[in-house]
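Colleague: My questions all concern the structure below.
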Amino acid sequence: NKNVFDISNILTNNVNIQDLSSSFFNTITPINNNSKILINLKCTLYCSYALEERISVEIWRDLSMISQDNNIGSVIATGGLSIPYNFTFLDEPNNNNNNIIKYYLKYKLENNNSGEMMGLINIETNNINGSSNIILREL
């Protein structure tokens with residue numbers, strides 16, 4: 001009775017922040033209070049059709065941004081650039097009281113002179129809704 005959920009591309013031509021909290025996320029319920037959570041994230045960014053079309057990525061824990069990478073991509077036009085994106089971070093959520101913790105992405109296009117669709121590609125989330133290439137481990 002497993003629901004198949006497949007989003008392989010999350011693209012936009014909008015320069016506003018794209019909140020992926022309902023489509024590209026993972027959750028963990030720590031067993032121990034004050035545990036550290038190791039976050040491993042893998043995806044592919046797609047951008048840079050035209051001049052200065054770069055992408056910024058934010059990693060969020062619940063309602064708090066824990067990391068940000070700005071202006072990823074090329075300042076010159078490439079006709080579309082695929083960039084492997086890997087992120088590893090040791091998070092200390094502080095007194096989680098064994099409650100569920102949600103990790104997710106937000107991203108923003110620096111600009112979109114070309115009008116092309118850009119964002120995340122080849123995500124391969126072929127599991128239940130909410131499963132993703134965001135791997136969480138309690139330490």
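Colleague: First compute the accessible area of the chain with a 1.4 Å probe, then give the percent of it belonging to carbon and sulfur atoms.
Modeller: Values: 3320 of 7430 Å².
So the carbon and sulfur contribution to the accessible surface is 45 percent.
Colleague: State to the nearest 20 debye the size of the charge dipole of the chain about its Cα centre, where the only charges are +1 on K and R beta carbons and -1 on D and E beta carbons.
Modeller: 320
Colleague: Follow-up question, since we're still on this one. Of the listed peptides 106-118, 14-26, 65-77, what is their order by residue-averaged count of other C-beta atoms within 10 Å, with the highest listed first?
Modeller: Packing proxy ranking, top to bottom: 106-118, 14-26, 65-77.
Colleague: So, in Å, what gap is there between the alpha-carbon centers of segment 71-115 and segment 17-52?
Modeller: Cα centroid to Cα centroid, the span is 7 Å.
Colleague: Return the equivalent ellipsoid semi-axes of the chain as a descending list in whole Å, where each equals the square root of 5 times an eigenvalue of the C-alpha gyration tensor. Walk me through the numbers on the way to the answer.
Modeller: Numbers: eigenvalues 171, 54, 26 Å².
Rounded to whole Å, the semi-axes are 29, 16, 11.
The values are calculated or read from the model by the stated rules, or taken from the named source; none is laboratory data. Computed from a predicted model, the values in this text were never measured in an experiment. Positions of Cβ are backbone-derived with ideal geometry, glycine not excepted, and every protein chain shown enters the neighbour counts. What goes into the accessible areas is simple: the full protein's heavy atoms, side chains included, and nothing from ligands, DNA or RNA. Shrake-Rupley method; radii C 1.70, N 1.55, O 1.52, S 1.80 Å.
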